[in-house]
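Let me begin by presenting the structure, written as structure tokens, before commenting on it.
The values are calculated or read from the model by the stated rules, or taken from the named source; none is laboratory data. Just so it is clear, the model here is predicted, and its values are computed rather than measured. No Cβ is skipped: glycine too gets one built from the backbone with ideal geometry, and neighbour counts run over all protein chains shown.
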Amino acid sequence: MSTLELLKEVRLPRWLAENKGLPRAVVIDEILQETARAVLVRVRPVVQASDHCHRCGQEITNPVSLVVGYGPECCEHIGLPRPDRVTAEEMMAAAAGLPSTEIWLPRSVLGLDRTSGFSTLDEPASPGETELSEARDFFHSVLAEA
């Protein structure tokens, strides 16, 4: 299990999200390749209930938008229908069909230095690695339920 595989949800810097046309909150679906400076991953937008938009951070008041975590304008930017034109059920169905995107992410965005990443964490050597080990166990249990 790699350190990167423990990261399922990542918050992108604004400049990177805008440059790639992505929301700031994304989920890593697959790790494709790595270099010393970056990691190629397949990501998709985070879709989960929130009272603040996952793309712009503004407060959400529309009831359908609250279900997916994106305001009306941001829904259109990521490929979802405007929430004032669909039901919550239709919005969730549309969200399930959002495509994934391949993107190179700088290792610094992922909180990794140039030496960490795909190394196996057999025995925690520091408190930080202990937290990663606990995170790995948590994500394994979440993935097992899905």
From the list Lys8, Lys20, pick out the single residue that is over 19 Å from Leu112 (Cα atoms) and of a type outside the set (Gly, Ala, Ser). Lys20
Here are some conditions: (1) at pLDDT 90 or above; (2) touching a Lys or Arg at 6+ places or on another chain (Cβ under 8 Å). Gln33 meets all but one. Which one does it not meet? (2)
